[in-house]
Amino acid sequence: MNVFKLSTINNLNIYFLFIFSNYFIYFCFKEKLFFLFFSILIILVFLFTIIKNFKENKLIISIFILFCLISLSSPVADWDARSIWLFNAKIIFFESSLGNYFSYSPYYNHIDYPIFVPVLSATLATIINGWNEIFPKFSTLILALPPLIILSKISKKFLSKLVLLILILFIYEKRIINGEVDAILALYSILLIELLKNFFNIKKENNPSFGHLIIILFNIIFLTLIKFEGSVIALTILASFFFTYRDKISNLKVLIPIVIIAFIPILLWLLYSNTKIDTSSAGQMLSGGERFLSNLLDFKFILHLVGKILINKQMMIVLIVFVFIFAKYISVNMYKINCDKLILRKEFLFCYLSIINYSVILSIIMIMSEGSTHNVQQEYFMANTASDRYFAPVHSMILLCSIYLIENSKKARLFN
Amino acid sequence: MKILKFRFIIFISIIILVQITLISHRNSFSFHYLFKFYQNEIGIKNGIKNKKILDIISLIKKNNLSEFRISNELLTDNVHKQSKIHQKIFQRVIEGSYPSKYSKDSKFVISDTNNLNCKKKDQLNQIYLYECI
């Protein structure tokens with residue numbers, strides 16, 4: 001049972017509260033009233049969280065500190081980070097209010113993308129009283145810390161710690177520090193799976209505290225505000241959760257208002273941004289699905305897309321790790337395949353369902369977006385450039401599933 | 001078993017260190033920036049790398065322009081001989097020079113040709129700033 005201590009939950013709730021309050025005040029009042037105040041608070045709570053958790057998770061926190069040093073000593077260089085997230089943050093930093101944010105937009109910076117991460121970057125720049133190419137991208141590390149702490153807490157065995165390291169070092173690689181948001185999106189998606197999985201453990205121990213519900217609320221809010229895909233991930237995970245635990249629906253009722261409240265911030269942003277622009281980036285990319293059927297029937301494209309999704313470094317590593325761990329629970333003889341009951345437990349079914357559902361939805365989105373005039377005019381542009389990046393949440397979910405298998409294994413005591 | 005465990009941990013530690021070194025290399029890590037993250041405008045040189053783009057941005061900042069435009073010659077991709085705008089120059093200049101804004105109607109023109117029919121205001125290496133009225 002991986003029920004977290006209330007002190008950890010409360011610490012992370014305060015962490016999330018400061019970050020969200022900063023965004024929410026900026027969004028509501030359209031002014032950078034409290035940027036300096038919140039930048040100091042966020043940095044302080046960030047340092048406090050690192051120090052507090054260092055003793056318990058030395059390995060992960062040490063690597064995280066190393067990542068902080070690398071991030072603080074390297075300029076932003078990658079396209080998405082420089083041209084979308086940090087450029088939008090720079091506009092927020094220099095423009096006096098949110099009202100002016102939409103006044104200047106070159107054709108490529110996706111001005112209607114959620115500004116949650118850019119607002120945090122602009123807030124951090126306030127503390128150094130100027131803009132540079134290094135410090136604002138530290139926002140992604142500030143956002144990455146809470147999920148990493150929770151993940152390091154559930155990874156108690158040596159092998160699961162190893163899987164977590166593979167996730168950070170070989171799947172996310174530089175994406176966790178280069179200012180892009182794909183890695184933090186993936187981290188928050190697996191954090192949501194972990195928190196929901198624990199929902200029944202909390203109920204069982206008769207300790208359904210307010211803090212546990214609030215952290216789920218913040219998790220969904222952050223997931224939806226990081227990137228548009230976050231809303232799809234959140235809905236997919238929630239649908240998988242409700243479907244898996246449909247027999248306990250009466251216990252899940254408390255989650256419904258939380259889910260409704262959690263989607264309000266992204267809906268408000270969508271309403272606000274749609275009044276300021278002609279066509280949304282997502283609308284231009286998907287074009288209402290008009291290319292879906294023709295792309296689906298393009299066998300060469302489908303083969304290419306499937307190849308790009310399955311045959312890349314990240315997916316290969318993830319599948320090798322998962323199959324290696326999963327194989328322990330399956331025995332095959334000439335006549336039948338025997339499965340260990342463990343892999344059919346509800347928490348695992350919830351994981352498998354989330355992985356399959358999101359993979360299918362993401363593939364449909366990628367099929368729909370091929371050939372968009374909004375993209376660079378190259379054949380199979382999205383499939384070639386974004387397959388590994390977009391599937392980071394799927395990679396993370398598969399490795400999370402591997403961690404669960406290791407943690408629930410009674411025999412896997414090697415190096416335990 | 002203990003020796004095996006020890007060797008395994010050493011092996012894993014080496015892999016971790018090698019991977020972290022690789023990540024820092026791919027992220028343009030430089031010891032030069034260590035503990036200088038609070039300085040204004042730091043990192044632009046290593047982040048952009050292209051000398052021509054850096055000169056354009058420096059020229060815009062030096063002249064404190066609120067608006068500028070880039071000449072067609074600069075925006076033409078000479079490598080691929082395409083008439084479309086040179087994405088890299090266009091995007092990096094817009095991002096790097098902000099809060100100075102790109103405007104098609106600006107009287108200040110950045111060019112790499114020395115014979116534009118406008119008043120030359122400033123120059124940095126092979127990049128020129130013209131005022132066209």
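The values are calculated or read from the model by the stated rules, or taken from the named source; none is laboratory data. Remember, it's a predicted structure, so these values are computed and weren't measured experimentally. Because the Cβ atoms are built from the backbone with ideal geometry, glycine has one as well, and the counts that use them run over all protein chains shown.
Here are the numbers for this structure:
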{"item": "Checking A:Ser273 against (1) surrounded by fewer than 19 Cβ atoms within 10 Å (Cβ to Cβ); (2) over 16 Å from A:Phe116 (Cβ atoms); (3) among the small types (Gly, Ala, Ser), the condition it does not meet", "result": "(2)"}
{"item": "Selected residue (criterion: farthest from A:Glu229 (Cα to Cα)) from residues of the range A:325-368 that are surrounded by 15 or more Cβ atoms within 10 Å (Cβ to Cβ) and among the small types (Gly, Ala, Ser)", "result": "A:Ser354"}
{"item": "Residues of the range A:15-45 satisfying the condition of being surrounded by 15 or more Cβ atoms within 10 Å (Cβ to Cβ) and β-branched (Val, Ile, Thr)", "result": "A:Ile19, A:Ile25, A:Ile42, A:Ile43, A:Val45"}
{"item": "Of all residues making up the range B:6-37, the number that are under 30 Å from B:Gln87 (Cα atoms) and over 15 Å from the mean Cα position of the chain (by Cα)", "result": "10"}
{"item": "The range A:106-144, residues that are outside any helix (DSSP H, G or I), over 12 Å from A:Phe93 (Cβ atoms) and facing chain B (nearest Cβ under 10 Å)", "result": "A:Pro106, A:Tyr107, A:Tyr108, A:Asn109, A:Glu133, A:Ile134"}
{"item": "Subset tally (residues that are β-branched (Val, Ile, Thr) and within 10 Å of another protein chain (Cβ to nearest Cβ)) for the range A:90-105", "result": "1"}
{"item": "The one condition in (1) over 19 Å from the mean Cα position of the chain (by Cα); (2) at the interface with another protein chain (Cβ under 9 Å from one of its Cβ atoms) that B:Glu95 fails to fulfil", "result": "(1)"}
{"item": "Sole residue being without any contact (Cβ under 8 Å) to a residue 12 or more places away in the chain and not aliphatic (A, V, I, L, M), chosen from A:Lys308, A:Lys313, A:Lys276, A:Lys336", "result": "A:Lys336"}
{"item": "A:Ala77 being outside any helix (DSSP H, G or I) and either closer than 30 Å to B:Val18 by Cβ or out of contact with any Asp or Glu (no Cβ under 8 Å at 6 or more places or on another chain) (or both)", "result": "yes"}
{"item": "Filtered residues of the range B:98-122 (kept if away from chain A (no Cβ under 14 Å) and in contact with a helix residue (DSSP H, G or I) (Cβ under 8 Å, 6 or more places away or on another chain))", "result": "B:Ile110, B:Ser111, B:Asp112, B:Thr113, B:Asp122"}
{"item": "Test: residue in the range A:384-396 that is without any contact (Cβ under 8 Å) to a residue 12 or more places away in the chain, farther than 17 Å from A:Asp182 by Cβ and surrounded by fewer than 20 Cβ atoms within 10 Å (Cβ to Cβ)", "result": "no"}
{"item": "Hey, B:Lys104 more than 20 Å from B:Ile44 (Cβ to Cβ), in the same structural domain as B:Lys51 (by TED's automatic domain parsing) and part of a strand (DSSP E or B) or not", "result": "no"}
{"item": "Long-range neighbours under 8 Å by Cβ, at least six apart or interchain, first residue closer than 16 Å to B:Lys45 by Cβ within the range B:87-98, second buried (at least 20 other Cβ atoms within 10 Å of the Cβ) and among the hydroxyl-bearing types (Ser, Thr, Tyr)", "result": "B:Glu95/A:Ser83"}
{"item": "Test: residue in the range A:171-183 that is part of a helix (DSSP H, G or I), more than 9 Å from chain B (Cβ to nearest Cβ) and under 20 Å from A:Ser231 (Cβ atoms)", "result": "yes"}
{"item": "Among the candidates A:Cys68, A:Cys28, residue that is among the hydrophobic types (A, V, I, L, M, F, W, C) and either touching a Cys at 6+ places or on another chain (Cβ under 7 Å) or under 30 Å from A:Gly283 (Cα atoms) (or both)", "result": "A:Cys28"}
{"item": "Output for the range A:48-83, where each listed residue is small (Gly, Ala, Ser) and either on the phi > 0 side of the Ramachandran plot or within 9 Å of chain B (Cβ to nearest Cβ) (or both)", "result": "A:Ser71, A:Ser73, A:Ser74, A:Ala77, A:Ser83"}
{"item": "Count of the range B:11-53 residues which are more than 7 Å from every other protein chain (Cβ to nearest Cβ), within 23 Å of B:Tyr98 (Cβ to Cβ) and without any contact (Cβ under 8 Å) to a residue 24 or more places away in the chain", "result": "3"}
{"item": "Residue match in the range A:127-142 (condition: closer than 21 Å to B:Asn40 by Cα, of a type in the set (Phe, Trp, Tyr), surrounded by fewer than 23 Cβ atoms within 10 Å (Cβ to Cβ) and in contact with a Ser or Thr (Cβ under 6 Å, 6 or more places away or on another chain))", "result": "yes"}
